[in-house]
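Everything on this sheet refers to the single structure shown next.
The values are calculated or read from the model by the stated rules, or taken from the named source; none is laboratory data. Small disclaimer: the values here were computed from a predicted structure and weren't measured. We place every Cβ from the backbone using ideal geometry, glycine too, and count neighbours over all the protein chains shown.
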Amino acid sequence: MIVEKVLNNNVVVSIEPQTRKEIILMGQGIAFGKKIGQEIDESKIEKRFMVENKTLGDKIKKLINQIPEGVFEITDEIISYASKELDTELDNQIYISLSDHISFAIKRFKNNISLKNDLLNEIRRIHKKEFKVALWVVDYLNEKLEINLPEDEAGFIALHFVNATYNKITTESITSTNIIKDILQIIRLNYKLEFNEDDLNYDRLLTHLKYFTKRIITSSKEENTSDEIFAKIIENSYSEAYKCALKIKEYIENTYNYEVNEDEIIYLTMHIHRVVLATRDN
């Protein structure tokens with residue numbers, strides 16, 4: 001393969017011979033002393049990043065030129081680890097957002113600027129898997145770069161994984177986290193209880209709420225599909241949970257101006273009933 005562009009000593013752009021698509025190649029010293037048109041030493045290739053989207057590829061190339069050398073490669077290692085641990089394919093936009101965030105976090109540390117994460121506790125509780133991976137990331141960065149990023153940083157990084165998993169933008173993830181926090185608080189106050197966060201039903205409720213908030217935020221509205229008789233049965237059978245779900249609907253519509261339809265109320269009712277029952281039994 002031939003050098004099309006040198007981004008730094010460890011990152012070079014080339015053209016994949018078979019597909020004729022642009023490819024970003026990474027490896028220690030792969031581009032050192034290289035010029036456009038020269039052969040690439042393929043034994044030095046450690047990672048290949050196929051550029052499927054030209055706009056994304058242009059953004060990545062521009063970013064690599066702007067951030068400290070080595071940050072993109074570290075970010076690539078982190079994304080590979082996170083994808084494996086979370087058992088999901090992360091949206092490629094995370095290469096830009098996370099590289100940029102890590103670069104800025106390093107800069108903040110060097111300038112002795114601390115950034116408090118007001119949503120840290122909520123992120124820790126609502127996005128458990130992503131936060132666990134983010135804690136590993138902070139430890140990895142601290143050890144590899146000999147810095148001392150605080151736990152607050154793990155909260156910010158966890159949201160990048162949430163964004164990349166659900167294909168959101170950061171503001172949506174923050175809104176989603178706040179809505180879930182508020183819903184849990186409404187349930188707590190309504191039933192005067194504390195959740196057992198290790199309970200499977202609590203995990204099910206959280207999972208439901210993540211997709212619930214995604215649907216209402218992105219306005220992916222579907223016509224009500226629940227049978228009227230079934231809806232009435234749920235309302236009568238789980239009247240306390242149904243009333244709680246209606247409080248949540250009213251709160252969300254008044255506070256966030258998102259519409260919550262009858263289908264959402266029915267499924268929310270069932271999840272509330274199940275988690276409350278499990279909590280009371282314990």
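From the residues in the stretch 12-34 that are among the small types (G, A, S) and more than 21 Å from T55 (Cα to Cα), which one is surrounded by the fewest Cβ atoms within 10 Å (Cβ to Cβ)?
G33
Return yes when N163 is at pLDDT below 90 and outside the structural domain of Y258 (by TED's automatic domain parsing) and no when it is not.
yes
Residues are listed down the side, and each one gets a yes or a no for (1) without any contact (Cβ under 8 Å) to a residue 12 or more places away in the chain; (2) not basic (K, R):
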| residue | (1), (2) |
| --- | --- |
| G57 | no, yes |
| I64 | no, yes |
| Y81 | no, yes |
| D100 | no, yes |
| R125 | no, no |
| V137 | no, yes |
| E143 | yes, yes |
| E153 | no, yes |
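Is it true that N163 is in contact (Cβ under 8 Å) with a residue 12 or more places away in the chain, outside any helix (DSSP H, G or I) and farther than 20 Å from N257 by Cα?
no
Does I174 satisfy the condition of being under 20 Å from N257 (Cβ atoms) and touching a Lys or Arg at 6+ places or on another chain (Cβ under 8 Å)?
So I174 fails the test.
Taking the options Y211, Y202, Y191, name whichever one is free of Cβ contacts under 8 Å to residues at least 40 places away in the same chain and either closer than 23 Å to H127 by Cα or among the hydroxyl-bearing types (S, T, Y) (or both).
Sole residue among the options that is free of Cβ contacts under 8 Å to residues at least 40 places away in the same chain and either closer than 23 Å to H127 by Cα or among the hydroxyl-bearing types (S, T, Y) (or both): Y211.
Return the total of residues in the stretch 146-167 being over 20 Å from D118 (Cα atoms) and either of a type in the set (V, I, T) or buried (at least 17 other Cβ atoms within 10 Å of the Cβ) (or both).
The number of residues fulfilling the criteria is 4.
Pairs under 6 Å by beta carbon, first residue within 12 Å of G57 (Cβ to Cβ) in the stretch 6-34, partner polar (S, T, N, Q), six or more apart or different chains?
Pairs found: I23/S14.
Which of the residues spanning the stretch 101-118 are of a type in the set (S, T, Y) and farther than 14 Å from E151 by Cα?
S103
Output the residue which, of all residues in the stretch 256-282 that are polar (S, T, N, Q) and more than 18 Å from T218 (Cβ to Cβ), is surrounded by the most Cβ atoms within 10 Å (Cβ to Cβ).
In this case the residue turns out to be T269.
Quick one: in the stretch 80-100, of everything that is surrounded by 19 or more Cβ atoms within 10 Å (Cβ to Cβ) and part of a helix (DSSP H, G or I), which residue is farthest from the chain's Cα centre (by Cα)?
Taking the candidates together, the pick is S99.
I'm checking my understanding of the structure. Among residues of the stretch 104-127 that are surrounded by fewer than 17 Cβ atoms within 10 Å (Cβ to Cβ) and part of a helix (DSSP H, G or I), which one is farthest from the chain's Cα centre (by Cα)?
K110
Using the structure shown, decide if V71 is β-branched (V, I, T), in the same structural domain as Q93 (by TED's automatic domain parsing), crowded, with 19+ Cβ neighbours inside 10 Å and farther than 16 Å from Q93 by Cβ.
When the stated conditions are applied, V71 passes them.
Kindly indicate which of I60, I36, I30 is among the β-branched types (V, I, T) and under 23 Å from Q93 (Cβ atoms).
One residue alone meets the criteria, I60.
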